[in-house]
Structure formats: structure tokens, C-alpha cells
Amino acid sequence: MIKRWRFTLACAVLLGSCPALAQPLYKDPAQPVEKRVADLLARMTLEEKLGQMTQVAVSKLMSDGWGLGPLKGELLERYLVQRGIGSVLSGGGMGPVPNTPRAWAEMTNAIQRAAVEKGRLGIPLLYGVDAVHGHNNVVGATLYPHSLGLAATWNPALVEQVARRVGQELRATGTLWNFAPVADLGRDPRWGRFYETFGEDPLLAGSLVAATVRGLQAGRVAATLKHFTGYGQPLGGTDRSPAFLAPRTLQEVWLPPFRAGLEAGALTVMANSGSLNGVPVHASRYLLTDVLRGQMGFKGVVISDWNDIDKLVGDHKAAAGFADAVAMSINAGVDVYMVPMEVDRYLQTLKELVEAGRISRARVDEAAGRVLWLKFQLGLFERPYVEAAEAEKVVEAQRPLAKQAALESITLLENAAFTLPLTNVKTLLVTGPAATDKTMQMGGWSIDWQGKEGAKAPGATVLEGLQKGAPQGVKVAYADPKDARALAAAVRASDAVVVALGEKPYAENEGNNLTGELPAEQYKLLRDLKALGKPVVLVLLAGRPLAFPDDAWLVPKAILMAYLPGSEAGSALADVLFGRHNPSGRLPFTWPKLFGQVPFTYDRYPDIYPKAEPLYPFGYGLSYTDFTYRLQAARATANAVEVDVEVRNTGKRAGSDVVQLYTRFPPLGLLAPRERLVAFTKVNLEPGQTRTLKLTAPLDRFALVPGDVFSLELPRVLPGRYVLRVGEQTVGVEVR
Ligand code: GLC
């Protein structure tokens, strides 16, 4: 034993005294990350640095194309060892075959082993996915409500809890880069990505973006704020159409959710595939460097969106050739190119541009250095692998949390004659396409990109949930909406009808809907049900507000908006319909009466001529109980406005309410939003209970951009007498 000790000591002394034999500084976790990055960069060749600036799809390592299957050794060797590609992603639906949590962990471990054990410097690889409502590429992972539904909870703590849970699942499968949250706003419901947003309001969305970043990164998974910026307002509402925003709108509306995400510590940002004011964002140095880094202080990695440097040539027709596109984009501020159309051409072009001086070596060091910094931050150099055996357990169905999120999202829009909760029903008939089609409750980005395989995710259908959740003595029957005769007979034999309507799943451009309408047969079903004379409850599973002809909309006595609730749709709806849960969801968007008016948000500038009032306003939602407010006092402090509000539950049931504080602006020499949300909080009250709440609105929420038409000034608070509103009550406050 003594001999071994002496030998070990001798080796340590020898190694310590001989730098060439000691471990390189970048491998020493005791060293500051900045030093480790500098040391590693100094050891890297130009080619190796360019490899860190490149991300390929995992299918490249399976088929060198788009086919899925086992990883191929020669492809791992070619891309990860010879070309030193720094990160790999799964586009929607790209995963191992078979698709199980364990297979995901084994896949990322195998890819990682090639990079770490065969790469010259052993730089670990970073694996990215779009886990936008759970670890949604993985069969077996619980699917949570999509962001639009999470926004309807108005509950940042819950959203953070969901993100924390998803982060644990991502970590367990070795996928440490999540291309989420979407920090774009949902201000045009025609847009195919409306449901991926946290709604139309900068404060609500920003609060939930920040909560998601905190939750994900608590598990040492990198969050990605996407898609920077102005992506959610495409002209005409169709995905990736050009967007035009006044500088003041950019500053007052579109940047705040990104700013909130950066303040929460987001490690990465993804550029918007579209264009803003005539410039493709992937070529905009103003946005990707001057604003994002200079004004907002971002220091992390900017990744492109899919193929988007190539698209500067083909789609935007802004670059004469690929080399120009690469130079434009990298010099604008893109650090990592997600999925070049041709990897070798990209790497070769990058190298030639550096050698020709069109991209500086300093810029390469900056971009590659940010990627290395990210990998050190995530602990990848110390723990590059995951325990594959653990993955199944960690990715087990997390039903309670998913159910809580679905419950708190469900929004009660109508409840004539207190149809709900269903307490006097002995036979309930369920019908409608969304009652049995699980893909409709999951939405896009569910197992595959367009959500067509969403039924593989765990969870019951709406019908199964209602059958399982029915109280003792209540029979829940089903009738196929396509069989008019059987449906009529079943309705006659029932006391009430629940009809579940909604949208088939979609993602991105495939999801544009210029009219907000559902397929005609769904409206016909409502009319047919009206003719049968039983109380109808309409449940909507959709990723946007929808347009209904009056004669269809007026059929149901009660209407619930369930958004895209995920695995626990059925059990959550059962609790709401049968009264075990009092709905507390509040709309995170304006529900237009006329789709021809969109974009039509609550914080629009004053209407010169009256416009059709929305069907339901932003922040709207009914309850099985009632709440009253008494606005007590408002005071401006040095950096906030504080308001005391007494909230009372005047009904017979416990319930949650979302208390929302809005401001109206004084005349300031320029237009101001009709109103702006400046604070909100959620409160649970027993029947008859009263609570006085203090709402605090930091002054920056009152800020506007001063100056004339194209002012580039930053927002600031313009002094004056502001009018604050909670419910129907208002109070004035002087803001300096
Ligand atoms: C898509 C989306 C983006 C996603 C990326 C990777 O084009 O625009 O949100 O993160 O590709 O799947």
C-alpha cells in the first residue's frame, strides 16, 4: 500500500511540474470559465472553431440526409470528428428508432462519445430540441398545454414548475439545449404559430417567458428566446411574411418579453426567419448586434433558425450568392448556423470568407467562444454523458402537474342559466371530432412536427376523461357526429350534450388560418344539435380564437375554451364540467368578433371611429362564483406605482381570480395604448372571503417612446396624471 501511495505522489509531482503532461487548463473545472474558453480557443484550429459555429440535424448522422434510423459510425466520424461539428438537433419528429426515453439517452450518449473520445480536443457536443410543451419529441413524455393555454393560467409560478419538470426530462435524455420559450407575441390569430406564444400582452408574456427560462435553466438546460424579433406580426398573418413595425412599437411591445427573458438569464437567442422593415433579420446587424447586444446586453449564443442563411439567397433574395449570405449573417451577429443545406459547402465558404478577410478571425473567436462558454456553463466538459437507464424513470408520465396546468388554463366564456357545472345530469352525451381525436388536444410539435402522431403521447381523450371522471350515477354516452340518425337518437336519450370542436394539429406556415373558421361540418353539428333541443356545452380545443357564425355560436348554453391542453385534457375537462374545479382561466388574447379586423388587440391606439367590440376582451373569463373589487388607494413611489385592492368572493363556491391592473395614459403629445396591463396577480378565495392585495407596477411599465414618427429613442416614463383601473373601478395617480 505504501508503495502505491508513493507512486501516486510521484506521478502527481511529475505531472504538476511538467505542463505538457498536466491536464490542459480548459479541462480544469476549478478554472474560471473565461480562462477555460481562452485556453481552448488558443488550442483550436480555424476549422475546429468553424465546426463549433455549425449545427446539423441528427438525420445527418443516420442517413446523411433526412432519413431516420441507427446512427452510422462513418457519419459520426465525418461530421463530429473530422469536421468537429459543435451541436446537433432534432427537428420536430427526428428521434431514435424506436422512440423511447432510453433510446434518446443512448442516442445522445453515442453522439457525445464520438465528439468527446475521438475529437482531437474532446470538445463535448450540445444537443438541441424543441421541447415547447413537454419533451414533446419523446414518446412517453407527458405533453403539457401549449404556451397559449399556459398563458391563460396567468400563473408564472406554475409555468416555472412545468419548465423545471421539462428541464429534468431534457437533462435525463442528454438534450441540453431547448429551443424554447417563444418570446414572440400572439397579436394576429391568423398566424400559424399563435398557440406557441404566451398571448398578446408584453407583460403577461414576458412574465411567463422569464418563468420558463428560470425553470429550464434551473436544470442546467439552455433556454432559447425565439424568434428575435418581430416575428409574430407577419403582413397578412401568414408565417414568415415580411413584418413592418415602427421603432416605437418594437421597443414598447415586441422587445419587452425578450428583455424579461434576458433578465431571467436566458443563455441563447434564436433569430427570426422573417424580415423586419425590409431587412431579413438574419442579415440585420442593427437587431442582432446593436439592439440585442448593445441595447439589451445579451452575451450568449445567437443561433439561426433552420436553413435561414441559405434562405437569404433563395427566399428573401437579399444575397447574391451563398458566400454573401454567410458574410451578411455572421457579421450581423449569428453565431451558430442551424442546419446548412450543405454542411461542407458552409464550412468551406466560412473558411474562405475568413481567409479573404470578409469575416474576421476575431468574429470567429467571438462566435466559437460563445458556444464553448455555453458548454462550460452547462457542465458538459465534466458530465458529457447521461445515465440511459435513468431516462425512462425521469421521463415518466407526469400527470398531476400536467393536469394542474390544464385545469388552470381552461377558460369559461359563457354559462347561460348556470348550465355549468353539470350537477343535474344523469345521462350526458359527448360528441364532436375533438372528443375522440387526441391529436386535436395535443396540437403541433407533438411527437412529430405537425402533430399528426400526437395520439402516441400519453393521456386520455376528452371522451375517456369524461367517462372516467363522471360522478357516481352519471352515464356518459358517445355518439359519432357523422352519424346523424344515431346522434339524434342519443341526444333524445340524454339530459345534456357536450360537443368538443376544434382544430386539427398544425405547426408554422401550415397553421395559418385567414378566417379563423373551423371546418363547416363543425358548425353544422352545432345547428343540428340546436334542432334537438337539449342543453349544449361547447368545448373548444384550438390554438387561437375562432370565428363562429352567430346561429352556431348561440347554440351552446355554455362555452369552455381549453386551448391545446395536452395529455390531461380529458381529466381536466371532467373536473371543470362536473364542478370539481372552478374554472379560473383568463384569455391571454383579444377574441375578435370580426376576423376582418385583426390584428385587433386591447392595447391598440384609440379608435377614431367605433370598431366592433371584441367577442371577448383580453383578460376575460367567467367563474362558478363571483368576485368584486374595491380599489382603495394608489401611490407612486420612486420606481413603481402601488395599488391596494380589496377582492371579495361574493359567491357560494371557492374560486381563483386574476386581478389585473391597467393604466390609461394622459395626453402626452403622441398616441398611447387605450390601456396597458401594468400588474396582475392571482388569488384564491373561499366563499365570502375578502383579501386586500397590493399590486406593484414598476414604473418602466408606463414607459413610452417619445419623439416623432421614426423616433429611435428608448422608452421612458412621461410625467402626468395616469388613470389606473381594476375591474370597473378607477383611480388617478400622478407619475413623475
Ligand atoms: C423551425 C422553427 C423554430 C425551431 C427550429 C428547429 O423552423 O422556426 O422555432 O426551433 O425550426 O426545429
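Do any helices (runs of 4 or more DSSP H) entirely within region 57-152 hold 3 or more residues that are open to solvent by 10 Å² or more (accessible area, probe 1.4 Å) and under 27 Å from Lys456 (Cβ atoms), and if so, which?
101-113
Hey, could you check region 153-173 for residues that are over 19 Å from Gly570 (Cβ atoms) and among the hydrophobic types (A, V, I, L, M, F, W, C) and say which is most open to solvent (accessible area, probe 1.4 Å)?
Ala157
Scan region 541-563 for residues that are under 26 Å from the mean Cα position of the chain (by Cα) and at pLDDT below 95 and report the count.
0
If you go through region 547-591, how many residues are part of a strand (DSSP E or B) and β-branched (Val, Ile, Thr)?
1
How many residues are free of Cβ contacts under 8 Å to residues at least 60 places away in the same chain and either outside any loop (DSSP other than H, G, I, E, B) or of a type in the set (Phe, Trp, Tyr) (or both) if we restrict to region 592-618?
4
Every residue in region 307-332 that is within 16 Å of the ligand (Cβ to nearest atom), closer than 24 Å to Phe179 by Cα and surrounded by fewer than 18 Cβ atoms within 10 Å (Cβ to Cβ), please.
Asn307, Asp315
To keep it simple, each residue is scored yes or no on (1) buried (at least 20 other Cβ atoms within 10 Å of the Cβ); (2) in contact with a helix residue (DSSP H, G or I) (Cβ under 6 Å, 6 or more places away or on another chain); (3) at pLDDT below 95.
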| position | (1), (2), (3) |
| --- | --- |
| Thr628 | no, no, no |
| Leu631 | no, no, no |
| Ser656 | yes, no, no |
| Leu661 | yes, no, no |
| Leu677 | yes, yes, no |
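Yes/no per residue for (1) more than 24 Å from the chain's Cα centre (by Cα); (2) within 16 Å of the ligand (Cβ to nearest atom):
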| residue | (1), (2) |
| --- | --- |
| Met62 | yes, no |
| Trp66 | yes, yes |
| Leu71 | yes, no |
| Leu80 | yes, no |
| Gly91 | no, yes |
| Thr100 | no, no |
| Glu106 | yes, no |
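Among the residues of region 265-289 satisfying the criterion of being small (Gly, Ala, Ser) and in contact (Cβ under 8 Å) with a residue 40 or more places away in the chain, which is nearest to the ligand (Cβ to nearest atom)?
Ranking the candidates gives Ser273 first.
Residue-wise test of (1) outside the structural domain of Arg240 (by TED's automatic domain parsing); (2) assigned to a helix (DSSP H, G or I); (3) of a type in the set (S, T, N, Q).
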position: Gly473; (1), (2), (3): yes, no, no
position: Val491; (1), (2), (3): yes, yes, no
position: Thr515; (1), (2), (3): yes, no, yes
position: Leu540; (1), (2), (3): yes, no, no
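Which of the residues belonging to region 404-460 are in a loop (DSSP other than H, G, I, E, B) and among the acidic types (Asp, Glu)?
Those that are in a loop (DSSP other than H, G, I, E, B) and among the acidic types (Asp, Glu): Asp437, Glu453.
Those residues that are within 34 Å of the chain's Cα centre (by Cα) and either within 16 Å of the ligand (Cβ to nearest atom) or of a type in the set (S, T, N, Q) (or both), I need them from region 468-518; list them, please.
Passing the criteria: Pro505, Tyr506, Ala507, Glu508, Asn509, Glu510, Gly511, Asn512, Asn513, Thr515.
Out of (1) open to solvent by 10 Å² or more (accessible area, probe 1.4 Å); (2) within 16 Å of the ligand (Cβ to nearest atom), what's the single condition that is false for Val209?
So the condition that Val209 fails would be (1).
The values are calculated or read from the model by the stated rules, or taken from the named source; none is laboratory data. Predicted model only: the values in this text are computed from it and were never measured. In this analysis, Cβ positions are derived from the backbone assuming ideal geometry, glycine residues included, and neighbour counts consider all displayed protein chains. SASA here: full protein model, heavy atoms, side chains in, ligands and nucleic acids out. Shrake-Rupley method; radii C 1.70, N 1.55, O 1.52, S 1.80 Å.
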